[in-house]
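The values are calculated or read from the model by the stated rules, or taken from the named source; none is laboratory data. If you're wondering where the values come from, they're calculated on a predicted model, not measured in any experiment. Please note: Cβ atoms are built from the backbone with ideal geometry, for glycine as well, and neighbour counts cover all protein chains shown. Ligands, DNA and RNA are stripped out before the accessible areas are found, and what is left, the full protein with its side chains, is counted by its heavy atoms. Shrake-Rupley method; radii C 1.70, N 1.55, O 1.52, S 1.80 Å.
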Amino acid sequence: MHMQFEKFTTPTVIEQVSYILIAAGAFVFVVSFLGYCGAIRESRCLLTTYGVLLLIILVMEITAGGLAAAYKKEAETESRTMLKNSIKKYYATQDKADAVTLMWNYFMAQMKCCGVDNYLDFKESPKWGTNKTVPEACCVLVGDLNKFTPKDPQCPNNPSESNSYYMKMVAQSQSLTLTLDYTTGDWGLNLAQYTEGSGTHGGGIAMKGGCYETFYNWLMEHINTAIGVGIGLGLLQLLGIFFAFCLCKSIDGYIK
């Protein structure tokens, strides 16, 4: 537990998390302050501003979702690029881990995957410049996953399909499979379909993929829950907007 806590108390992690929390907290404070003070002071101006801000946030969320659905391929490409850049710019060794490194390590350990597309993504990071082939989080772990202890001590230097997830098979329902040249990182078409024993899931065909495909598949398996949560949050925001403008209207009538 002490070693696990130390990962979050390194200066770099504390600094990055502090900036994120300060920015998020400041935004929430401003919006909440407008609503609270508007209700207490019965100020139409503050309540209107509060309602408009909530409306803008809701519209932005709906717009982002619509654009992502309409431009699915472009959104996927940009998402992959952003995630790869986060590895390239920030991913470091465990002794120099920052918030981004910890995020990736915990995500890979929990999802049992490696990199955005594959383990070669880490070779692009100057901060991770080691003689290891894969990070410890890409290995099959033993004990507490948050300690990133490989079951096979040789895994970081000599990963295989049995001791790591660097060549994880991800199920896809496509007519063709994609294969990866692990020496160059290039994808290529392969007409051969994998069988149930070699990684096929739910009658689909498997492809070698990283955390992006793993998370996408997980999201598709829980799509109903995700949609329900999204609708619920949207309804809460609509209620906030509705009550803000209703209160503003009642104050207007009271003044008259």
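Some points to look at:
- Any pair with Cβ under 6 angstrom, 6 or more apart, that starts in the range 231-246 at a residue that is on the phi < 0 side of the Ramachandran plot and ends at one that is open to solvent by less than 30 Å² (accessible area, probe 1.4 Å) and hydrophobic (A, V, I, L, M, F, W, C): Q237/L54; Q237/L58; G240/L54; I241/L54; A244/L47
- Among the residues examined, L47 does not qualify as in a helix (DSSP H, G or I), surrounded by 11 or more Cβ atoms within 10 Å (Cβ to Cβ) and modelled with pLDDT of 90 or more.
- Which listed residue is in contact with a Leu (Cβ under 9 Å, 6 or more places away or on another chain) and either open to solvent by less than 50 Å² (accessible area, probe 1.4 Å) or modelled with pLDDT of 90 or more (or both), from G35, G25, G65: G35
- Of the residues making up the range 68-85, those that are surrounded by 10 or more Cβ atoms within 10 Å (Cβ to Cβ) and aliphatic (A, V, I, L, M) are A68, A75, M82, L83.
- Scanning the range 143-162 for residues that are without any contact (Cβ under 8 Å) to a residue 12 or more places away in the chain and open to solvent by less than 70 Å² (accessible area, probe 1.4 Å), we see that the one that is farthest from the chain's Cα centre (by Cα) is S160.
- Residue in the range 69-88 that is assigned to a loop (DSSP other than H, G, I, E, B) and either touching a residue at least 12 places away in the same chain (Cβ under 8 Å) or under 25 Å from T214 (Cα atoms) (or both) present: yes
- Test: residue in the range 98-116 that is at pLDDT 90 or above, assigned to a loop (DSSP other than H, G, I, E, B) and either open to solvent by 40 Å² or more (accessible area, probe 1.4 Å) or within 25 Å of L21 (Cα to Cα) (or both): yes
- I57 meets the conditions (1) over 19 Å from the mean Cα position of the chain (by Cα); (2) under 25 Å from L236 (Cβ atoms); (3) without any contact (Cβ under 8 Å) to a residue 24 or more places away in the chain in every case but one. The failed one is (3).
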